Amino acid sequence: MPGGGVGGILEEEKLIEKLHKIEALFARPATDGERVAAGNALDRIRRRLRQLELAEPAIEFRFSLPDAWSRSLLIALLRRYGLKPYRYPGQRRTTVMAKVTKTFVDETLWPEFRQLNETLRGYLDEVTQRVIAEAIYRDVSDAEEQPAQAGKDGKTRTPAQSALGLE
């Protein structure tokens, strides 16, 4: 378990609660009471998707994601809404295809994905930094930035580029 121990469990419970709140916001609640009660959020989003599919055709979308974490999240969201993610032979594993209405992507799926992804990435970054600091080395600061060197032609090169003869 990423956090380890009771503290990690509490952090994960808070994360799950926050993700549920984000989901409830995208379910287009009719009242403030519904905003708090996220239990019917999924049903409301699915109903909205079905209404949009009656009003406009589903089109094929290609989502190019930066990493496996984001890919897994988008696939889970698509499946949750009854959509079938796929990819074609030769496409990268971080590419996800889906047939869905543009309105649903623009108003619900993509904004929800971005908020959930930001929340999850923040959590994963914190866990990664903590584990590295505890298990490998406590200084987890970024690498120091060094000035680049000018090459024979006056263009700026890094020492690695100079060493490779890329002058």
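Only the coordinates and a few stated rules stand behind these numbers; no lab work does. In this text, all values refer to a predicted model and were calculated from it rather than measured experimentally. Here the Cβ is made from the backbone with ideal geometry for all residues, glycine too, and neighbour counts use every protein chain on show.
Can you tell me the length gained on complete extension of the stretch residue 72 to residue 114, counting 0.36 nm per residue apart and subtracting the Cα distance?
Additional length available on full extension: 13.8 nm.
With a sphere of radius 14 Å drawn around the Cβ of residue 95, what net charge do the other residues whose Cβ falls strictly inside it have (Lys, Arg +1; Asp, Glu -1)?
Value of the local net charge: +3.
List the residues, sorted by chain then number, that are 5 or more residues from residue 61 or on another chain and whose placed amide H is less than 5 Å from its amide H.
98, 99, 100
Which aspartates and glutamates have a Cα less than 15 Å from the Cα of residue 155, not counting those fewer than 8 places away in the same chain?
167
So how do 80, 130 line up by other beta-carbon neighbours within 10 Å, fewest first?
The most exposed by this proxy come first: 80, 130.
Full-extension gain between residue 99 and residue 79, please, as 0.36 nm times their residue separation minus the C-alpha to C-alpha distance.
Full extension from residue 99 to residue 79 adds 6.0 nm.
Taking neighbour counts of Cβ atoms within 10 Å as a proxy for exposure, in what order, fewest first, do 70, 141 appear?
Ordered from fewest to most neighbouring Cβ atoms within 10 Å, 70, 141 come out as 141, 70.
Estimate the FRET efficiency between residue 59 and residue 16 by the formula 1/(1 + (r/R0)^6), using the beta-carbon distance for r and 41 Å for R0, to the nearest 0.05.
E between residue 59 and residue 16, to the nearest 0.05, is 0.80.
Order of 45, 59 from fewest to most other C-beta atoms within 10 Å?
Starting with the residue having the fewest Cβ neighbours, the order is 59, 45.
Can you spot the lysines whose alpha carbon is less than 18 Å from residue 102's alpha carbon? Ignore those fewer than 8 places along the same chain.
84
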